[in-house]
Amino acid sequence: MADRPILFSAPMVRALLAGRKTQTRRTLGQFDVFRLPDGSGAPVSCLHMEGEPLPRVTIGRVVTERKLKAAVGDRLWVKESWWIATMYSYGTTPGGCEISPPPLAHRKRDPVHYDADGNPPNVGNRTYGPEGLRGGSFAAPDPYAVWLKKPSIHMPRSASRLTLIVTDVRVEQLQDISEADAIAEGIERHHSGWMPYSTAFYEADGVTPANYHLDPRESYRSLWNRINGFGAWEANPWIACYSLRVIKQNIDQIEKVAA
């Protein structure tokens, strides 16, 4: 068992928090599948070899060097886009300024706001009014100055609020997804059809009712192409499917509560 980071977009984080998302698919990249004597492609799977931390991709009876990103029992701490409240610094100008203060190192006690929850609270402080900075930043409550947005890749472990326990891993081609698996990916029934992350995408990206699908697999196809680019579904790549148990808690706080 190992602890590993994993990145999720804001709509996916909302689906995890809502309890709709219990699977995630990640591409394995390009590799050749050799043909069997009957002309069919060799079966592709994965094998977790004793003593190794991660499963390997297998093609027929051949165990390749390619490894998956997680194994059953691993704990994944979610990295998502976030905001941090920064202390006053020499970059802050009383009365407001056009440029946000320089980023400061995040400390565990500094306030954090998650992008999936919307914009951070715009609170007037001793330097900035409730309208925040003219540059588009948001004022933070004293003794902090402003909120600064950070990409998910920069989220430290201490700021993560979601932990995912890997309960199953398998390798398959993308289009092999079943209706049940598409729903487990976070697709939600909405009125007369299915919609990718429904309200989350509707509110964030302006998805119209024309994006409803009668088949949840079609809804997931739309989502996959939206994230990975036009034609990504049609390419039908080999993927690793991870089934997850979602814990709405920081990975290090879990152990403290259990102690």
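Each reported figure results from applying straightforward, stated rules to the coordinates on display, with no laboratory input. Values in this document were obtained by computation on a predicted structure and should not be read as measured data. Using ideal geometry, Cβ is built from the backbone for each residue, glycine included, and neighbour counts are taken over all protein chains shown.
First measure r as the distance between the Cβ atoms of Arg157 and Leu36, then evaluate 1/(1 + (r/R0)^6) with R0 = 41 Å and state the FRET efficiency to the nearest 0.05.
Result of the calculation: an efficiency of 0.35.
Can you sort Met49, Met87 so the residue with the fewest Cβ neighbours within 10 Å comes first?
Met49, Met87
Between Ile254 and Asp110, what length comes free when the chain is fully extended (0.36 nm per residue of separation minus the Cα-Cα distance, one decimal in nm)?
Full extension from Ile254 to Asp110 adds 49.8 nm.
Through the Karplus equation 6.51 cos²θ - 1.76 cosθ + 1.60, θ set to phi - 60°, convert the phi angles of the stretch 171-178 into ³J(HN,Hα) values in whole Hz; use x for Gly and Pro.
Running phi through 6.51 cos²θ - 1.76 cosθ + 1.60 with θ = phi - 60° gives 10, 7, 7, 3, 6, 7, 4, 8 Hz.
Neighbouring Cβ atoms within 10 Å as the yardstick, rank Lys248, Lys67 fewest first.
Result, fewest neighbours first: Lys248, Lys67.
Along the Cα→Cβ direction, 7 angstrom out, place labels at Glu234 and Leu7. What is the inter-label distance in nm?
Going from the Glu234 label point to the Leu7 one covers 2.6 nm.
Mind checking the full-extension length gain between Ile247 and Asn225? Use 0.36 nm per residue of separation minus the Cα-Cα distance, one decimal, nm.
5.1 nm
Residue by residue through the stretch 239-245, which ³J(HN,Hα) values in whole Hz follow from phi under the Karplus form 6.51 cos²θ - 1.76 cosθ + 1.60 (θ = phi - 60°), with glycine and proline marked x?
The phi angles translate into 10, 9, 9, 10, 8, 10, 10 Hz.
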